[in-house]
Amino acid sequence: MEISKSSSRKAQWQKKSLPYLYLLPAFLIMGVITFYPLIYQVIISFTNFETQHLLLGLKSPELEFIGFKNYVDIFTAALPVENFNFFRVLEFNFWWALSNVMLHVPAGVLIATLLNTEGLWMKRIYRAVYILPVVVPPLVVATIWTNIFDERYGAMNQLLANISTYFGHVGPIYIRWFEDVKPPIPGFLPGAPLTLAYYAMMMANFWLGWPFMSVVATGALQSIPKDLYEAASIDGATGGQQFWNITVPLLRPAMIPAAVYGFTLSFNLFNFVFFMTGGGPARSTELLVTFAYNLVRNLRWYGVAAAFAVIIFAVAMVVFLITNRITRATQNYSEA
Amino acid sequence: MNPAKTAPNKNPIVRFLTMNTSGQTSGRSLPLWRQLLFQVVCLAILASVMFPIMYIVTMSFSSKTTRPSSLELIPKEISFIAYQQVLDRPTGNPVTFIELLKNSILLSVGVGLIALLIAVTAAYAFSRLKFKLREVLMVLVFIPLLMPAVGLSTPLYLLLNQVQIKQCSPEVLAIQPFTTCEEGVRGRLLFNLRDSLFGVGIAMTATALPFAVWNLKGYLDTIPKELEEAAAIDGADTNQTFWQIVIPLAAPQLAVTFFLGFIGHWQEFVTTWLFLSQPKDYTLAMTLYNMTGQYANSVPWNRFAAMAVIVALPVAVVYIALQKRIVGGLTTGGVKG
């Protein structure tokens, strides 16, 4: 009796501990390589960690704890970096993500609707080609567009020169896409002037972004019953009215999660910005992530970089809470 | 209409490519003027999509080593000399293409596999088992997902950089941070974990692992529980259910997660460019960046183009092969979406 009781207790204990056994490998490793660095990051964000402390880390004798100085320096633009203003970068970062999504989603929906037109010729070919930007890795796309916008040899300036011959202009065109500091449309975004480099990146990212939205929109379009349109056309609704009153509301539940996904992706779109402009000219196209990278790789102010990363984390948290709310709200909408 | 043939396919890309568009449902046909108008618009979009692709493909097939002085979008010649040169000697350093490829594959496949293998049991526990602290631990896994990869690179750089092996004197080896050379002896650096592919792999796993746990949990949630319940009634315990029922059922989705990770890690640039300093450790993505724009004053553009095509191909092939599942995986399994 004694033995069976203890063995059943053992079995019960095994059953209770089993979930933790399943979690153990992942948490053991994440503890060392993910969570410990995250905590370490918070600690060094309060220090003046620089290159001379690399060897001994927190044990170096000259390492000083300087409280919130790194954070204050970042917010008050007191860092000895030219043209850096945290709130301008933040504003540009939000505008960059928002303006991308505001272009990609409508373009994706419109093109999907266009391709959904009954009786359109060569539809399969269009579909097969339009999906190509989704397939090419973004890193390669970024390098290609960097060369396309090259001032002297880039395809964009050559294309513009070819087109402008029809308007009587002869000779090459040299637009300095990535160097021109003067914003082409002054005062477009108050507080954060948008240079030509911004528009160049918008073009490149537009090429990359709308096909994905179009794929999602096509999927959603398929689930809209055709009789809705038939009923509407019997009632005398025009094509435009059908689009606004049937297509748009019924696409919304599918497009909002996609838009949120696109927003998060653009918000942290490191490769494009780093490859095409490196944040320039005069830091006008710097995103939070590219500036954080500059802090570590070029300036090597590890303490400041850690503080900056903590701030990025806070911003990401706010963005997540907002977008999560939006997604939830639309889920309820689609269920209702 | 055969109902079996028109079974609804959940995947947007497949539907996008194969949807029935012959238009039997409505008698309305497209008026010619509208057809022509739409064709013009569609062709214009087609041209804009093809523009960079044709530009880079044309350049890669060119034998001209000078930079392009005028726009060419259709190959005038098919020359593989640029591909040959890139494969022979991809950079100015004495590194072969095979080594670069090996580094890229090592990182992308290695990190993908390791993250998957470690994550799968944890994902199962989160998806199916009941235990205290479940919510707390799940939030803990979610926290690193909010941090962009750049944000985690500083502490990883500092911590990995402290793991070094040094030759203090011919007889004495020091393994930091456990032992150090004597005071005043600098020693010769033999190995720095930060400056090695292994260290970069660790840094990449640090962000890939929580993502894999979260992603796989999402997948496992979509697998119906009936089979497992039946197995439990037949007397199978949790371990048996996991290995004999769940793993085989989830295998295709495990593969998809692996390939999604592969696509991401293949393009990894943030950590590799920050951590690695020796040309022998460079990856294909880093080499491509070195050949781009202002950083490549001496690199002929036809070689850059050939390299771009080579780096893009594996991802494009994987994507096309897996298109049935990828978009679905991005929108259902991923939390970052």
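The values are calculated or read from the model by the stated rules, or taken from the named source; none is laboratory data. None of the values given here were measured: they were computed from a predicted structure. Note: ideal-geometry Cβ built from the backbone for every residue, glycine included; neighbour counts use all protein chains shown. When the accessible area is computed, the model is the full protein with side chains, heavy atoms only, and any ligands, DNA or RNA have been set aside. Shrake-Rupley method; radii C 1.70, N 1.55, O 1.52, S 1.80 Å.
Assorted remarks:
- Number of positions in segment A:29-57 that are open to solvent by 90 Å² or more (accessible area, probe 1.4 Å), within 9 Å of chain B (Cβ to nearest Cβ) and of a type outside the set (Val, Ile, Thr): 1
- Subset of segment B:107-139 [farther than 14 Å from A:Leu28 by Cβ, of a type in the set (Val, Ile, Thr) and surrounded by fewer than 20 Cβ atoms within 10 Å (Cβ to Cβ)]: B:Val109, B:Val136, B:Val139
- Residue pairs meeting the criteria (Cβ under 7 Å; at least 6 apart or on separate chains; first within 15 Å of B:Phe269 (Cβ to Cβ), in segment A:124-145; second assigned to a loop (DSSP other than H, G, I, E, B)): A:Pro137/B:Gln267; A:Pro138/B:Gln267; A:Leu139/B:Gln267; A:Leu139/B:Phe269; A:Thr143/B:Thr292
- Hits in segment B:159-216 - residues which are open to solvent by 20 Å² or more (accessible area, probe 1.4 Å) and under 18 Å from the mean Cα position of the chain (by Cα): B:Leu197, B:Phe198, B:Ile202, B:Thr207, B:Phe211, B:Trp214
- Selection of segment A:80-97 for residues being open to solvent by less than 50 Å² (accessible area, probe 1.4 Å) and assigned to a helix (DSSP H, G or I) yields A:Phe86, A:Arg88, A:Val89, A:Leu90, A:Phe92, A:Asn93, A:Trp96, A:Ala97.
- If you filter segment B:302-337 down to residues that are at pLDDT 80 or above, more than 8 Å from every other protein chain (Cβ to nearest Cβ) and closer than 27 Å to B:Thr222 by Cβ, you find that the one that is least open to solvent (accessible area, probe 1.4 Å) is B:Val318.
- Within segment B:126-143, none of the residues are without any contact (Cβ under 8 Å) to a residue 40 or more places away in the chain, more than 15 Å from B:Leu209 (Cβ to Cβ), touching a helix residue (DSSP H, G or I) at 6+ places or on another chain (Cβ under 8 Å) and of a type in the set (S, T, N, Q).
- Some residue of segment B:58-69 being closer than 30 Å to A:Leu110 by Cα and more than 30 Å from the chain's Cα centre (by Cα): no
- A:Val296 being under 23 Å from A:Leu208 (Cβ atoms), among the hydrophobic types (A, V, I, L, M, F, W, C) and crowded, with 19+ Cβ neighbours inside 10 Å: no
- Filtered residues of segment A:139-173 (kept if more than 7 Å from every other protein chain (Cβ to nearest Cβ) and within 28 Å of B:Asn290 (Cα to Cα)): A:Val141, A:Ala142, A:Phe149, A:Glu151, A:Arg152, A:Gly154, A:Met156, A:Asn157, A:Leu160, A:Pro172, A:Ile173
- Of the residues making up segment B:93-109, those that are out of contact with any Leu (no Cβ under 8 Å at 6 or more places or on another chain) and more than 14 Å from every other protein chain (Cβ to nearest Cβ) are B:Asn93, B:Pro94, B:Val95, B:Thr96, B:Ile98, B:Glu99, B:Lys102, B:Ile105, B:Val109.
- Meets criteria (out of contact with any helix residue (DSSP H, G or I) (no Cβ under 9 Å at 6 or more places or on another chain), over 23 Å from B:Ile53 (Cβ atoms) and either among the small types (Gly, Ala, Ser) or in a helix (DSSP H, G or I) (or both)) for A:Gly236: yes
- Long-range neighbours under 6 Å by Cβ, at least six apart or interchain, first residue more than 9 Å from chain B (Cβ to nearest Cβ) and open to solvent by less than 10 Å² (accessible area, probe 1.4 Å) within segment A:265-279, second part of a loop (DSSP other than H, G, I, E, B) and of a type in the set (Asp, Glu): A:Gly279/A:Glu286
- Within the option set A:Phe75, A:Phe86, A:Phe35, A:Phe68, being closer than 30 Å to B:Gln176 by Cβ and aromatic (Phe, Trp, Tyr) holds for one residue only, A:Phe35.
- From the list B:Val256, B:Val246, the lone residue that is modelled with pLDDT of 85 or more, assigned to a helix (DSSP H, G or I) and open to solvent by less than 60 Å² (accessible area, probe 1.4 Å) is B:Val246.
- Filter result for the condition that a residue is over 30 Å from A:Leu295 (Cα atoms), modelled with pLDDT of 90 or more, β-branched (Val, Ile, Thr) and in the same structural domain as B:Thr287 (by TED's automatic domain parsing), over B:Val57, B:Val136: B:Val136
- Restricting attention to segment A:223-261, the residues that are open to solvent by 80 Å² or more (accessible area, probe 1.4 Å) and within 24 Å of A:Trp96 (Cα to Cα) add up to 1.
- Filter result for A:Ser214 (open to solvent by less than 20 Å² (accessible area, probe 1.4 Å), facing chain B (nearest Cβ under 10 Å) and within 17 Å of A:Ala112 (Cβ to Cβ)): yes
- Exclusive hit being closer than 28 Å to A:Leu38 by Cα, in contact with a Gly (Cβ under 6 Å, 6 or more places away or on another chain) and facing chain B (nearest Cβ under 10 Å), set A:Ala305, A:Ala314, A:Ala309: A:Ala309
So that you can scan it fast, the table gives a plain yes or no per residue for (1) modelled with pLDDT of 85 or more; (2) in a helix (DSSP H, G or I); (3) within 30 Å of A:Pro19 (Cβ to Cβ); (4) charged (D, E, K, R):
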| site | (1), (2), (3), (4) |
| --- | --- |
| B:Pro170 | no, no, no, no |
| B:Arg186 | no, no, no, yes |
| B:Leu189 | no, no, no, no |
| B:Ala208 | yes, yes, yes, no |
| B:Pro224 | no, no, yes, no |
| B:Thr241 | yes, yes, yes, no |
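- If the condition is being more than 14 Å from A:Leu54 (Cα to Cα) and within 7 Å of chain A (Cβ to nearest Cβ), then segment B:138-163 contributes B:Pro144, B:Leu146, B:Met147, B:Pro148, B:Val150, B:Gly151, B:Leu152, B:Ser153.
To keep it simple, each residue is scored yes or no on (1) within 22 Å of A:Asn271 (Cα to Cα); (2) touching a Pro at 6+ places or on another chain (Cβ under 7 Å); (3) in a helix (DSSP H, G or I).
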residue: B:Gly201; (1), (2), (3): yes, no, yes
residue: B:Ala230; (1), (2), (3): no, no, yes
residue: B:Leu260; (1), (2), (3): yes, no, yes
residue: B:His265; (1), (2), (3): yes, no, yes
residue: B:Glu268; (1), (2), (3): yes, no, no
residue: B:Thr271; (1), (2), (3): yes, no, yes
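- Count - residues of segment A:178-211 that are of a type outside the set (Phe, Trp, Tyr), over 28 Å from A:Thr247 (Cα atoms) and open to solvent by 10 Å² or more (accessible area, probe 1.4 Å): 14
Okay, residues lined up against (1) open to solvent by 60 Å² or more (accessible area, probe 1.4 Å); (2) at pLDDT 90 or above; (3) among the β-branched types (Val, Ile, Thr):
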{"residue": "A:Phe291", "(1), (2), (3)": "no, yes, no"}
{"residue": "A:Ala306", "(1), (2), (3)": "no, yes, no"}
{"residue": "A:Ala316", "(1), (2), (3)": "no, yes, no"}
{"residue": "A:Thr327", "(1), (2), (3)": "no, no, yes"}
{"residue": "A:Ala336", "(1), (2), (3)": "yes, no, no"}
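- Test: residue in segment A:60-79 that is within 30 Å of A:Val304 (Cβ to Cβ), touching a residue at least 24 places away in the same chain (Cβ under 8 Å), open to solvent by less than 80 Å² (accessible area, probe 1.4 Å) and assigned to a loop (DSSP other than H, G, I, E, B): yes
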